[in-house]
Amino acid sequence: MSLQHITDKISVIDVPLSGASRVLGTYLVEGEKTAVIDPGPTSQTLGVLDALQTHGFRELDAVLLSHIHLDHGGGSWKMVEAYPNSFVYCHPRGAAHMIDPSLLKEGAQRLFGDRILEYGTISGVPRDRVMESADGEVIDLGGIVLQVLWTPGHSSHSQSYWEPDSRTVFVGDAVGHVMGEGGPVVPVSPPPHNPLKGVESIDRLIGLSPETLCIAHFGPHGNAVEHLRRIRERSVLWERLSIQAAKEGMDLEGFHALVLEEDDELNRMGKADSPERSLKGGLLGFHRYGKWMQN
Ligand SMILES: [Zn+2]
């Protein structure tokens, strides 16, 4: 487990998950009050709590979720149990599922099968500890503020957090994940995925002129606008290819091959270097979207 400073008030906690590090970054924002962004699934949250204890955090005020997928917010119940004065902030569309996670669990089970056992205990957050965020809302931590920006696409309940002083934006999965170590950022699209909303959200993020992009899977990236422009291009390309794949009746394998062929950067990396599972997982929602657009 490691805690690394990004600025004097922002750090990233990396807790290895099933032996692998750099899976999901939990960001820590410190003003007079303290917030964490995406405590991860319960198995990771235990490590985050350890890191907070080790670094002397007696109080925690806010558990901010980029969205409610279990690999980001599944351990929220454990955070509010450990810190009785903290609240969980999430998009209103996600609030009911934080209180009763049974549908989330079913969905994750369908997508990941037994791999969700790696997440640890799945449990609900008490109703009175869940705060529904409004778009544009400012969370004042004293000496540092975070503004909520709804950024749907990856999910309908995705929201980013904008820190204007250091021009840092925490995007969760709204723009995708980093492929391999330092590879390109590729969209990740568990169904239902809406690529058009995803591109609108990327435009909204570009509009902030951010300097640092904090991606959940994984890490802070400088040159944020340049990254976002590249991700936008890729999202538009994949959307177009998903429609083409549906027209030509391609299955997921076929669509996967088409993307590898048409996406120059992935093509250059070569098939051998592309972590297949993560790329295909990223394509599933695009593939379904293409088929849905056909009907
Ligand atoms: Zn997600």
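How large is the Rg to Rh ratio of the chain when both quantities use alpha carbon positions and Rh follows Kirkwood? Don't skip to the end; give the middle numbers.
Working: Rg = 18.3 Å, Rh = 19.2 Å.
Rg/Rh: 0.96.
Using helices alone, what [θ] at 222 nm do you get for the chain, with -39,500 (n - 2.57) per DSSP H run of 4 or more residues, divided over all residues and rounded to the nearest 500? Please list the in-between numbers first.
Values: 10 runs with 115 residues, N = 295.
That calculation yields -12000 deg cm²/dmol at 222 nm.
Is the C-alpha gyration tensor of the range 1-135 telling us rounded, prolate or oblate? Criteria: a/c under 1.5 is rounded; beyond that, a/b larger than b/c is prolate, otherwise oblate. Mind showing how you got there, number by number?
On the way: a/c = 1.82, a/b = 1.20, b/c = 1.51.
Oblate, since a/c reaches 1.5 and b/c is not below a/b.
Give me Met131, Met293 sorted ascending by neighbouring Cβ count inside 10 Å, so fewest comes first. List each step's numbers first, then the result.
Numbers: Met131 17, Met293 14.
The fewest-first ordering by Cβ neighbours comes to Met293, Met131.
Would you order Trp77, Trp238, Trp150, Trp292 from fewest to most other beta-carbon atoms within 10 Å of each residue's own beta-carbon?
The order, fewest Cβ neighbours first, is Trp292, Trp150, Trp77, Trp238.
Identify the trypsin sites (Lys or Arg not before Pro) of the range 123-169 meeting these criteria: DSSP loop state and at most 15 other C-beta atoms within 10 Å of the C-beta.
Numbers: sites: Arg127, Arg129, Arg167; in loops: Arg167.
Loop-located and lightly packed - Arg167.
Once you've got the GNM for the chain with C-alpha springs shorter than 10 Å, pick whichever of Leu111, Leu28, Leu205 has the biggest mean-square fluctuation.
Result: Leu111 has the largest fluctuation of those listed.
If you line up the long axis of helix 195-206 against the longest principal axis of the chain, both from Cα atoms, how many degrees apart are they, to the nearest 10?
50 degrees
Given a 10 angstrom Cα cut-off, can you work out which residue in Asp100, Asp128, Asp14 is the most mobile in a GNM of the chain?
In the Gaussian network model the winner is Asp128.
Which angle between 0 and 90 degrees, to the nearest 10, do you get for helix 42-54 versus the longest principal axis of the chain when only C-alpha atoms count?
40 degrees
Who wins for biggest fluctuation among Glu30, Glu200, Glu106 in a Gaussian network model of the chain, springs between alpha carbons below 10 Å?
Comparing Glu30, Glu200, Glu106 in the GNM, the peak value goes to Glu106.
To the nearest 10 degrees, how steep is helix 102-112 against the longest Cα principal axis of the chain, on a 0 to 90 scale?
Computed tilt is about 40 degrees.
Where a number appears in this text, it was derived from the coordinates with a stated rule and is not lab data. Everything numeric in this text was worked out from a predicted model, so none of it was measured. Reconstructed Cβ throughout: ideal geometry from the backbone, glycine too, with neighbour counts over all protein chains shown.
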